[in-house]
Amino acid sequence: MKASLLKEEFKTNKYDEMLKDLYEDASLVDYQKDRYANALDKFIELYGDENVSIYSAAGRSEISGNHTDHQHGCVLAGSINLDAIGVVARQDDVINVVSDSFNIAPIHLNDLDKKDEEEGTSEGLIRGVVSKLKELGYNIGGFKAFITSDVLVGAGLSSSAAFETIIGTIIDGLYNDMSIDMVTIAKVGQYAENVYFGKPCGLMDQCACAVGGLISIDFKDTEHPVVNHVDVDFSKYDHSLCIVDTKGSHADLTDAYGAIPAEMKDVAHYFGKEFLREVDEKEFFDHLADVRDAVKNDREILRAIHFFKENARVPQIVEALNNDDFDLFKKLIKESGNSSYKFLQNVYADFDYKHQAVSAGLALSEIVLGDHGVSRVHGGGFAGTIQAFVENDFVPEYKKEIEKLFGEGSCHVLKVRKLGGCKVVEE
């Protein structure tokens, strides 16, 4: 369908029910209708009024399994109702993408080799995704697209993974009839980010963005991660997922992030293993004094303790949800957050102890929420965001109080959505 006609259909309410279902919130329908219409207008401005299709890839929120994936552990994550959407038309031999206000250089399909100068760029991510899909034997082809995203950048919601996922999903939809397994799309995104973009990320972000819903992932075999849907209607618990941007800077935190897997691996190496998942927990505690003496770094010991306890906690949380025991779920989430704070120690950087925005946010959240919810550090930590599960009726009070500290608009009230990477509207 022509982009202009599709825009009129959005304005005449044809897609209201679809938008309500996709974004899990009736109050967002008007916002999304305007967003899709504006994206169609932008496509027409860029490329003309052509036949188009529309794709979406969700952002994600890690719920449990904080810093376990890089040790081949278990995680629980959910796709959220912030996403990247792409208005797309086919073309031959070249990929043209404009992403919000960023003009991305054309990617020619006869030149998919890695380019060092594209590390850290959107061009690198696109080229990497398409190259890997071709290597795996899938059909590839050109397209022109306008992509816009409301996934918060730098907030631990995986804006880059959503971008990788939507590129893979577009190729899937245009040239493979949506036949590619979404875990494969996730692996392709991780490959692009690791090899072409130059960032050594794990697979959790891409899996959660691509697969959709609430999922548990076991990374014991990273080539074949076990991904299971947690078949729970999260909305029935009458709680909202709040992500609070504490406005802390991620600058100069590369070493702090990098130290976590390095220190965990250092403990694993004492036992002749590469990753803590390979170490027997009982053996670790039986030899705790010897390990401490060998590594001469108590933080390494504490971070290893976090891994063992957090990795065991993930299936407990899944079981609580499967049993509809939301009170136990919240209790375990609180335990997970406490472990991150005390043992993993990723709430603030020790070299910058005067700036503890996440700590302040967690302290205020605990005071304000009382029995109305729980909060924890979100994602990588040190700066950025906190996560809170808040009773729906109490959300306005929590939002009001937390925004006194971090400013208007800092508390984002989200829902877990069912779909990850998907085709929204057919060509």
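Side notes on the structure shown:
- For a straight C-alpha distance cut-off of 18 angstrom, the lysines reachable from residue 132 (same-chain residues fewer than eight places away being disregarded) are 114, 115, 187, 199.
- Cα→Cβ-extended label distance, 7 Å offset, between residue 34 and residue 8, nm: 2.3
- Under the combined filter of DSSP loop state and at most 15 neighbouring Cβ atoms within 10 Å, the range 268-322 retains these chymotrypsin sites (Phe, Trp or Tyr not before Pro): 271.
- Cα centre as origin, Lys/Arg/Asp/Glu Cβ charges: the range 236-414 dipole, Debye: 220
- FRET efficiency, 1/(1 + (r/R0)^6) with R0 41 Å, evaluated for residue 427 and residue 26 via beta carbons: 0.90
- Working from Cα pairs under 8 Å separated by at least six residues, relative contact order for the chain is 22 percent.
- Net length available on complete extension from residue 136 to residue 367 is 78.0 nm, with 0.36 nm assigned per residue and the Cα-Cα distance removed.
- One chain, two ends: residue 231 and residue 323. Fully extended at 0.36 nm per residue, the span grows by 32.0 nm beyond their Cα-Cα distance.
- FRET efficiency for residue 46 and residue 286, using Cβ-Cβ distance with R0 set to 56 Å, rounded to 0.05: 0.30
- Trypsin sites (Lys or Arg not before Pro) within the range 351-427, DSSP loop, no more than 11 other Cβ atoms inside 10 Å: 354
- Subtracting the Cα-Cα distance of residue 93 and residue 331 from their residue separation scaled by 0.36 nm leaves 80.4 nm.
- Working from label points 7 Å from Cα in the Cα-to-Cβ sense, the residue 222 to residue 254 distance is 2.0 nm.
- Helical segments meeting 18 Å axial Cα length and Kyte-Doolittle -1.0 threshold in the chain (DSSP H): 29-47, 122-135, 159-175, 254-270, 298-322, 326-339
- Inter-site label distance for residue 360 and residue 391 at 7 Å from Cα along Cβ, in nm: 2.8
- Remark: for residue pairs 236/354; 14/42; 247/342, the C-alpha separation exceeds 29 Å in 236/354.
All of the numbers you see were taken from the coordinates with simple rules; none came from a lab. What you are looking at is a predicted structure, and each value in this text was computed from that prediction instead of being measured. Virtual Cβ from ideal backbone geometry, glycine too; neighbours counted across all protein chains shown.
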